[in-house]
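Right, one structure below, let's go through it.
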Amino acid sequence: MSHKIDHYKKNRAIRVAAFTAIGACVVAAPFLFSFSPYVLNMFMQAATYSIVVLGMIVVLGYTGQINLAQATFFGFGAYAVALGTVSLGLNFWLTLLLGIGVAALAGFVLGMTTLRLGGHYLAMITISFQQIFDLVAVNWADVTHGPDGIAGIERPALFGLPLADDRAYLALSLCTLIVAAFLVWWLPHTRLGRAMRAVRENELAAEVTGVHTLRIKVIAFTMSAALAGLGGGFYAAGFAYISPDNFNFARSIEFLTMTLLGGAQSAFGGILGSSLLILLPEWLRFLKEVYLAVYGLAVILIMVFLPAGIWGLIRQLMQRWHKPVVTPASAIPDLDLTVDASERSPIFQIEAMRKHFGGVKAVDGVSLEVRRGTVHALIGPNGSGKTTTLNVLNGIYQPSSGRLLLDGVDITALTPHQRAGLGMGRTFQNIRLFPNMSVLENVMVGAQRQNNPVGRSDEALRERALSALKFVGISDKAELIARNLPYGHQRLVEIARALAGHPRFLLLDEPAAGLNQTEKRELGELLKRLRGHGLTVFLIEHDIGLIEQVSDRITVLNFGKNIAEGTPADVLRNPDVIAAYLGESIHATA
Ligand code: ADP
Ligand code: MG
């Protein structure tokens, strides 16, 4: 194992050193070159905007949540500094902190109230929020000074050192930007950042894997707003004057454009996009009349042809030199799945469960017990309610009536991530991975669920994930991007992701679908190994051969009701079952 950890540690140290070196050069640049005050101011604007756009990277790029009110949070920071220093005579740093706090609070409240919605609704609500801010800033003239804006904002001093000089203030802004960029750059490889990306990639799968998706989205929104507030404070003092039109909807769209243009998935992309959109008009000035058209065209072309932004392209080119490290399976510890199977009581009980969708009675009064340490199969014709049953079991749907007990505890009211935290793992009929994350990261998200006894450190999570991948036999694929894997391997990644979370009750929805004969046989062996470790598996499957091979008990659903239950030998010979479901196919296999 040490080989692997050493590698990651070394890699990390190199990256941090490179970042620090580049950051130091950037901060020193204003003193090394003799820029005109005009250029210095432009750079200062680029630096403060970049800080705001870093917030967009977190909320949109990492977490996948649209935010069309970033200029509002930017405005909170700017107005806090402007009003605080000019109207109230407070210290700049105090007002800066206040601005960040107000912006973060606004982001938190907006997030808490709207992030359950997502998608178009979220876009609409953030736009409304932005419009309200604009109206208030313009019309509440007693406080905000209305459209006239606030002038005479002074630049701060730091440790008694006045920063009124353009170069010094630019250096301070750059310093702040570098620190913010470092944090945002670091974020994706932390627990929080991985959870954010999982939400972006597949929110439902993230929730079921144990991620508290609402909390993650609110955190992202709050962080994004705080960064905008920080940028706003520096912007206000930098330009000495602000007015409402610096913080309107058009500005929010500008921030969005900068994010998408540079590349939403990376801190560097955000900085690149901001700087380009501020500098491009200057470079294109020689075009005179047609300048706006060329500028617009350039932006459109880049967005159309580089969906991952400019930085996305650069990263793609750099990845050609990236050699994935393969940890030899022998260096990975075996997966510890220990579950206490000595207890005799059933692990899971479904009591009179119903799930109706309007008039459709998808599940209509199912009761069953799953015995501990067994493989229990749920079969039935298409549309008989199997997937719906699984979705109610792990909390994606609330049942219309009935109760669910895990180890005797009523879990009917719990959310999917809470159930995952109690040890319920799940895979999906149509695979739901986090496609743009590496295989290892996919499984690490599974490992970082609540209550997983492996611990919280990155090393522990990585080791757990590698062990889970080794268990399903694909640890050599750890560094690959999940979407590039063949179908059969993607199924195994999904199982590994569930296993990494230390489940005691594993729900599998048609795991053999789409697998070839060899893969099916291997899957059968895998399921038997799981049972051997004391795990309880609840399995939906169409492949009768596989069911006969692995299952201890079978429940048959038809039209949302269980029509038979028992050992494979009994159930598969039951005339009702043959009539309802197996029909021709059982005779064909027999
Ligand atoms: P199975 O997995 O056994 O093939 P499902 O559980 O997917 O069956 O579906 C059972 C029935 O419930 C089907 O008639 C299906 O159309 C219906 N159904 C499933 N999900 C929904 C939903 N979200 N809204 C309305 N009807 C649904
Ligand atoms: Mg189904």
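In table form, for the structure just shown:
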quantity	calculated
Given charges at beta-carbon only (K, R positive; D, E negative), |dipole| of segment 55-185 in Debye	380 debye
Full-extension gain in nm, M124 to S36, via 0.36 nm per residue minus C-alpha separation	27.5 nm
Reciprocal mean inverse distance between Cα atoms of segment 432-502 - Kirkwood radius, Å	11.4 Å
Zone of V409's modelled label, taken as backbone nitrogen in segment 191-223 under 18 Å from a point 7 Å along Cα→Cβ	208-212
Cβ-based net charge around M112, under 13 Å, with every Lys or Arg adding one and every Asp or Glu removing one	+3
Two-decimal log10 I(q)/I(0) for segment 72-156, as the Debye equation yields it once each C-alpha is a single scatterer, q = 0.19 Å⁻¹	-0.87
Dimensions in Å of segment 401-459 - Rg and Dmax from alpha carbons	14.0, 43
Rounded to 5, the percent of DSSP beta bridges in segment 435-590 classed as antiparallel	55 percent
Cα centroid separation, segment 184-208 to segment 368-401 (Å)	28 Å
Stretch gain in nm, segment V325-T113, where the contour uses 0.36 nm per residue and the Cα spacing is subtracted	72.0 nm
Environment charge at S345 (Cβ cut-off 15 Å; Lys +1, Arg +1, Asp -1, Glu -1)	-2
Dipole moment magnitude, nearest 20 debye, segment 242-376 about Cα centre, only Lys, Arg, Asp, Glu C-beta charged	300 debye
Top positive-direction residue, dipole computed over the chain with Cβ charges, set T374, I431, L508	T374
Value of Rg to Rh for segment 103-145 (Rh from inverse mean 1/r over Cα pairs, i.e. Kirkwood)	1.08
Convex hull projection area averaged over all views, the chain, Cα basis, nm²	31.7 nm²
Mean shadow area of segment 362-484 over all directions, Cα convex hull, nm²	9.1 nm²
Calculated [θ] (222 nm, deg cm²/dmol) that DSSP helices of n ≥ 4 give over the chain, each run adding -39,500 (n - 2.57)	-17500 deg cm²/dmol
Helix 191-201 vs. the chain, principal-axis angle (Cα, 0 to 90°, nearest 10)	80 degrees
Rg followed by Dmax, in Å, when segment 17-247 is reduced to its Cα trace	18.2, 56
Highest average packing first - 216-224, 453-461, Cβ atoms within 10 Å	216-224, 453-461
Hydrodynamic radius of segment 277-396 per Kirkwood, over alpha carbon pairs, in Å	21.9 Å
DSSP-defined beta bridges in the chain - what % are antiparallel, rounded to 5	60 percent
Residues listed by number, segment 171-208, amide nitrogen under 19 Å from E479 label point at 7 Å toward C-beta	189-190
Computed lengthening from A141 to L284, 0.36 nm per intervening residue step minus Cα-Cα distance	47.7 nm
Local electrostatic count at P486 - Lys and Arg +1, Asp and Glu -1, tallied over other residues with Cβ under 15 Å	0
q = 0.09, 0.10 Å⁻¹: log10 I(q)/I(0) that the Debye formula gives for segment 394-551, counting C-alpha atoms only	-0.28, -0.35
Accessible carbon and sulfur surface of the chain relative to its total accessible area, %, 1.4 Å	62 percent
Options L469, C25, W186, ranked by Cα towards positive dipole end of the chain, top entry (Cβ charges)	L469
Dipole moment magnitude, nearest 20 debye, segment 17-247 about Cα centre, only Lys, Arg, Asp, Glu C-beta charged	740 debye
Modelled FRET efficiency - R0 30 Å, A569 with E525, Cβ distances, 0.05 increments	0.90
Highest to lowest packing among 509-522, 483-496, 319-332, scored as the average C-beta count within 10 Å	483-496, 509-522, 319-332
Mean Cβ count within 10 Å, highest first, over the residues of peptides 23-32, 242-251	242-251, 23-32
C-alpha long axis of helix 517-532 to longest principal axis of the chain, angle in °	90 degrees
Degrees, to the nearest 10: 249-262 long Cα axis against longest axis of the chain	70 degrees
P(r) histogram, all alpha-carbon pairs of segment 1-133 included - 10 Å bins from 0, percent	10, 26, 28, 24, 10, 1, 0
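The values are calculated or read from the model by the stated rules, or taken from the named source; none is laboratory data. Worth saying up front: this structure is predicted, and the values here are computed from it rather than measured. FYI the Cβ positions are ideal-geometry reconstructions off the backbone, even for glycines, and counts take in every protein chain you see. Please note that ligands, DNA and RNA were not included when accessible areas were found on the heavy atoms of the full protein model with its side chains. Shrake-Rupley method; radii C 1.70, N 1.55, O 1.52, S 1.80 Å.
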